[in-house]
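The values are calculated or read from the model by the stated rules, or taken from the named source; none is laboratory data. Quick caveat, the model's predicted, so the values are computed rather than measured. Here the Cβ positions follow ideal geometry from the backbone for every residue, glycine too, while neighbour counts run over all protein chains shown.
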Amino acid sequence: MKDKEIEKLMRRERERQAKAVNLIASENIVSADVLAALGSELTNKYAEGYPGKRYYGGNEIIDEVESLCQKRALDLFKLKPTAWAVNVQPLSGSPANLAVYSALVPIGGKILGMSLASGGHLTHGQKVSFTGKAWKGISYGLDKKTERINYDDLLTQAMIDKPHIIVAGFTAYPRKIDFKKFRNIADLSGAILLVDMSHFAGLVAGGAYPSPFPYADVVTTTVHKTLRGPRAAIIFSKRDERGFSEKIDKAVFPGLQGGPHMNAIAGVAVALGEANTPAFKAYAKQVIKNAQTLAAELKKRGWRIISGGTDSHLILVDVWENGSGISGKEASERLEKEGIIVNKNAIPFDTRSPFDPSGIRLGTAAETTKGAKEKDMVKLAGRIDGCLRK
Ligand SMILES: Cc1ncc(COP(=O)(O)O)c(C=O)c1O
């Protein structure tokens, strides 16, 4: 590289990533092929529009790249192109969710999503996000005792609020979601059901977590978490008389975006191809085994695990324990000094501030990609425990 300053920073970051134990639940490590696609000449091309309908010339090969990416997305989740449409152009997860609302929910309409404190995402209608300014965000919480979604309470709330759209999906909720129950609640309250599977898409692809596709109207996902691809997002929508897919395509382009990032879309295609293999299935199962082992080992050492465990790649640990422990911020700083990277996180019904909450969030996708197995999680639990108790 001619730019020595950036080259040096890239090298330092590469070395940091190689040395650190990465327990950030939303991160992963992409393959050399994904990196090659991202660093390719495809970044030079403007391709506003969709395959076969572009505003610029020279898009013959680009059309093939995008069509292949669409096909791989449908194939991976076993979706028929006659039943589901797919848009692979969203630049990332937040713009993907914004595109869905702008296509399907009238401005000022109601979005019912999981509250931030319970593990929902900002783009599920939170006030600080544009999704909570242009639309009216309403939140559902968790059952205080089980720290899980209470579907009876959710139904009651949906029947009172009558939202336009209900969002199922999370950024910090460790359990399975009952998509069938969400479908029923959406039907009874007359809402569209959006599943944001950003966190668990790789687990669904690997057959290790329930699929939302039999129940959802629309599914969004980032590609860069458990799915192990580049930073990008995908929107799937059911093809029916409501015409969601046409509205969503228009919302993405020209509604919210200009030219798609074709190098990223090629990287997405590569990642989707990689995810449709027996090796990826084994990885997805191992991600969950590792998370369950880590949760059980921490529990054995006296740490309170939110909801008592995990069904996914994600664990929430209450490190504050009503003042008998340390804060989430201190925990994440102590761990970082030991080379273990986590993030501080609110826990359900947290009494502390989001800037220094009671919990930490751990995820096992990146370490599983590096080859970690259960025995490594046992050791890791010992290191984490030692570090948080000293
Ligand atoms: C559930 C969920 N949706 C959407 C997003 C937003 O994705 P991005 O950061 O790519 O905008 C995230 C990111 O953490 C997420 O967890």
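Taking only region 218-232 into account, find how many residues are more than 9 Å from the ligand (Cβ to nearest atom), out of contact with any strand residue (DSSP E or B) (no Cβ under 7 Å at 6 or more places or on another chain) and either basic (Lys, Arg) or in a strand (DSSP E or B) (or both).
1
Could you please give the count of residues in region 163-213 that are outside any loop (DSSP other than H, G, I, E, B), surrounded by 24 or more Cβ atoms within 10 Å (Cβ to Cβ) and not aliphatic (A, V, I, L, M)?
Residues in region 163-213 being outside any loop (DSSP other than H, G, I, E, B), surrounded by 24 or more Cβ atoms within 10 Å (Cβ to Cβ) and not aliphatic (A, V, I, L, M): 4 in total.
Only one of 30, 86 is outside any helix (DSSP H, G or I), crowded, with 17+ Cβ neighbours inside 10 Å and more than 16 Å from the ligand (Cβ to nearest atom); which?
None of the others qualify; the one that does is 86.
Exactly one of (1) under 26 Å from residue 305 (Cα atoms); (2) away from the ligand (no atom under 14 Å from the Cβ); (3) not in a loop (DSSP other than H, G, I, E, B) is unmet by residue 138. Its number?
For residue 138, the exception is condition (1).
Give region 353-363 a look and list any residue that's free of Cβ contacts under 8 Å to residues at least 60 places away in the same chain and in contact with a strand residue (DSSP E or B) (Cβ under 9 Å, 6 or more places away or on another chain), or say none.
355, 356, 357, 358, 359, 360
Among the numbered criteria (1) part of a loop (DSSP other than H, G, I, E, B); (2) within 15 Å of the ligand (Cβ to nearest atom), which one does residue 47 miss?
(2)
Being closer than 20 Å to residue 175 by Cβ and in contact (Cβ under 8 Å) with a residue 24 or more places away in the chain narrows it down to one residue among 331, 346, 366; which is it?
346
Consider region 301-326. How many of its residues are among the basic types (Lys, Arg) and free of Cβ contacts under 8 Å to residues at least 40 places away in the same chain?
Final tally of qualifying residues: 1.
Let me confirm something: among 200, 253, 213, 236, which residue is in the same structural domain as residue 66 (by TED's automatic domain parsing), of a type in the set (Phe, Trp, Tyr) and within 12 Å of the ligand (Cβ to nearest atom)?
Answer to the check: 200.
Could you please find all residues in region 256-277 being within 16 Å of the ligand (Cβ to nearest atom) and either part of a helix (DSSP H, G or I) or over 13 Å from residue 49 (Cα atoms) (or both)?
Matches in region 256-277: 256, 264, 265, 267, 268, 271.
Is it true that residue 113 is within 25 Å of residue 234 (Cα to Cα), in contact with a helix residue (DSSP H, G or I) (Cβ under 6 Å, 6 or more places away or on another chain), within 14 Å of the ligand (Cβ to nearest atom) and not assigned by TED's automatic domain parsing to the domain that holds residue 317?
yes
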